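**Student:** The structure that follows is given in the form of structure tokens.
The values are calculated or read from the model by the stated rules, or taken from the named source; none is laboratory data. Just so we're clear, the structure is a prediction, and the values are computed from it rather than from any experiment. Every residue, glycine as well, gets a Cβ built from its backbone with ideal geometry; the counts of neighbours run over all protein chains shown. Areas reflect the complete protein model, heavy atoms only, side chains present, ligands, DNA and RNA absent. Shrake-Rupley method; radii C 1.70, N 1.55, O 1.52, S 1.80 Å.
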Amino acid sequence: MKKYIVLFLFSFQLYSQEKSKIVYSNETVVINSGNALEVETFVNESRAISKSKNTQEYTIRIPFDSFSEISNIKGSTYITKTNKRIDLSSYSIATIDAENENIYKSDNKYKYFVMPKVEDNSLIEFSYKTKLKQPRFLSSFRFQNPIKTQTAKLQIRCNSSTEIGYKLFGNYQEKIAFSKTKEGNFDIYTWEANDIPEFEGEENMPSSLYFMPHIIFYIKSYEIEEKKKSY
């Protein structure tokens, strides 16, 4: 009997090791209001990929539209077995139209790339920058993903005269820690979550945003040349 118990525990441990995870997912939003309002977002993410056959786990899609601009896409794959790092080639990055059957014509697009030379037990990293052409349209940040997330952090840095609005939605909100600090003339808002399980969708379920913990944030007001402007 003990033999079967040990075998079961070993099999369970082996199975659990096969699951990939997001090691960290960080997004920093910087809002500057000098002569004009400028918003830039810096994203960097790392994933531990257990099985190379699960290509969807290291296939990256970065959405954007005519109100935003994606640049500085970088990435690499670290092969633990051989201690080698392979950089993502700029020639591997494509721009593809996003399809939406409910919209006849849309300007939604996404940057698409597959991380290079991924093997079992690889570590991938990628980063990019987004510049908003219409800063009134900010965005959202998801703390949960289709694979387990070890750490997810959103940080907003803005002048103290800028007022930020935000609201949390979805499950696991108790896992999200919030803090606000100051650094010179900047206010720094930080939301960080740890150990968020993978999201498992179901057939005919409503939008995943009903369940996934996420935050929507926006600019309520800001100052330019000592004049307050509101959205």
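**Student:** For region 1-94, give me every one of the strands (runs of 3 or more DSSP E) that falls completely inside it and has 3 or more residues that are modelled with pLDDT of 85 or more and either open to solvent by less than 50 Å² (accessible area, probe 1.4 Å) or of a type in the set (Phe, Trp, Tyr) (or both).
**Tutor:** Details: elements: 21-33, 37-49, 59-64, 68-79, 84-87.
Correct list: 21-33, 37-49, 59-64, 68-79.
**Student:** Give the residue that is nearest to ILE215 (Cα to Cα), with candidates limited to residues of region 143-202 that are of a type in the set (Ser, Thr, Tyr) and touching a residue at least 40 places away in the same chain (Cβ under 8 Å). If you could, list the steps in order and put the result at the bottom.
**Tutor:** Taking region 143-202 and keeping what is of a type in the set (Ser, Thr, Tyr), we get 149, 151, 160-162, 166, 172, 179, 181, 189-190.
Narrowing further to those that are touching a residue at least 40 places away in the same chain (Cβ under 8 Å): 149, 151, 161-162, 166, 172.
Working: THR149: 16, THR151: 15, SER161: 22, THR162: 18, TYR166: 7, TYR172: 12 Å.
Among those that are of a type in the set (Ser, Thr, Tyr) and touching a residue at least 40 places away in the same chain (Cβ under 8 Å), it is TYR166.
**Student:** Quick check, is SER106 modelled with pLDDT of 95 or more and hydroxyl-bearing (Ser, Thr, Tyr)? Don't jump to the end; show me each part of the working.
**Tutor:** Details: modelled with pLDDT of 95 or more: no; hydroxyl-bearing (Ser, Thr, Tyr): yes.
When the stated conditions are applied, SER106 does not pass them.
**Student:** Report, by residue number, each residue of region 30-45 that is within 15 Å of LYS133 (Cβ to Cβ) and either of a type in the set (Val, Ile, Thr) or touching an Asp or Glu at 6+ places or on another chain (Cβ under 8 Å) (or both). Talk me through it step by step, then tell me what you get.
**Tutor:** Initial filter on region 30-45 (within 15 Å of LYS133 (Cβ to Cβ)): 31-32, 36-41.
Those that are within 15 Å of LYS133 (Cβ to Cβ) and either of a type in the set (Val, Ile, Thr) or touching an Asp or Glu at 6+ places or on another chain (Cβ under 8 Å) (or both): ILE31, ASN32, VAL39, THR41.
**Student:** Further question: Could you tell me whether GLN150 is modelled with pLDDT of 95 or more and closer than 26 Å to TYR78 by Cα? Even if it seems obvious, please write down each step before you answer.
**Tutor:** On the way: modelled with pLDDT of 95 or more: yes; closer than 26 Å to TYR78 by Cα: yes.
Taking the combined requirement at face value, the residue satisfies it.
**Student:** Could you please find all residues in region 27-72 being basic (Lys, Arg) and within 14 Å of the chain's Cα centre (by Cα)? Give the derivation first.
**Tutor:** Keep residues of region 27-72 that are basic (Lys, Arg), which gives 47, 51, 53, 61.
Hits for region 27-72 are ARG47, ARG61.
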